[in-house]
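Below is one structure, written out as structure tokens; the observations come after it.
The values are calculated or read from the model by the stated rules, or taken from the named source; none is laboratory data. Bear in mind that the values here come from a model prediction, so they are computed numbers and not experimental data. When we count neighbours, we look across all protein chains shown, and the Cβ atoms used for this are built from the backbone with ideal geometry, even at glycine. What goes into the accessible areas is simple: the full protein's heavy atoms, side chains included, and nothing from ligands, DNA or RNA. Shrake-Rupley method; radii C 1.70, N 1.55, O 1.52, S 1.80 Å.
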Amino acid sequence: MKIDHIGVAVSSLDESARFYKELLGLVEVHREEVLSQKVRVAFLVDPSELGGTAIELLEPTAPEASVAKFIGARGPGLHHLAFAAPLVAPAMDVLRKGGAPPLEAAPREGARGHQICFVHPKHCGGVLIELVGG
Ligand code: CMX
């Protein structure tokens, strides 16, 4: 599976986006608040490869957000790896049968309107994994 994006937990979206844009030359292609997850997110990509792997910056909007808990416990940094899975539901079945059940019973809507699910890091060698549908 292709890596759709790499999630990075940040304390300030604007400050972190400035680093990726001004010093690494990425461009911001999307920004939104995901109310269900209590985060504001920004997606940044290499301008020469607009459909390529993105960096997703995640800034919590409430202390109870899972990203706020993550930053509180570990500080800002790499948060998750997201793989492109054109068909999320069948990929979830494969994970379930293989002993790595997703947190969700069925795909749900995530950032950018995509169908997504997450797999707990305890099943993935300490890395939070996301599947992102087409
Ligand atoms: N990467 C690696 N390890 C992580 C982790 C992460 N992102 N988040 C938590 N952990 C670790 C904890 O540090 C803890 O480690 P120890 O047992 O060694 O202390 C362990 O996993 C168990 O954690 P937990 O008690 O289950 O932790 P939480 O209550 O913090 O929940 C999780 C973890 C994965 C269930 C929760 O973060 C979750 O539901 N994530 C999916 C949703 C999400 O991340 N949303 C934000 C992104 C939204 C978007 O991209 O749009």
**OP:** Using the Cα centre as the reference, give the magnitude of the dipole from point charges on the C-beta atoms of the chain (Lys, Arg: +1; Asp, Glu: -1; all else neutral), rounded to the nearest 20 debye.
**Re:** 440
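Over the stretch 78-134, average the accessible area per residue using a 1.4 Å probe and give it in Å², no decimals. Please report the intermediate quantities before stating the final value.
Numbers: 2930 Å² over 57 residues.
So the stretch 78-134 comes to 51 Å² accessible per residue, rounded to a whole number.
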Subject >> Percent accessible area from carbon and sulfur atoms, the chain, protein chains only, probe 1.4 Å >> reply: 58
**OP:** Pull up the DSSP beta bridges for the chain and report the antiparallel fraction as a percent, rounded to 5.
**Re:** 70
Original post:
Roughly how many Å² of Lys69 are accessible to a 1.4 Å probe, to the nearest 10?
Top reply: 140
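With charges only on Cβ, +1 for K and R and -1 for D and E, what is the dipole size of the stretch 42-118 about its Cα centre, in debye, rounded to 20?
280
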Original post:
When all C-alpha to C-alpha distances in the chain are sorted into bins of 10 Å, what percent of pairs does each bin hold, rounded to whole numbers?
Top reply: 13, 43, 35, 9, 0
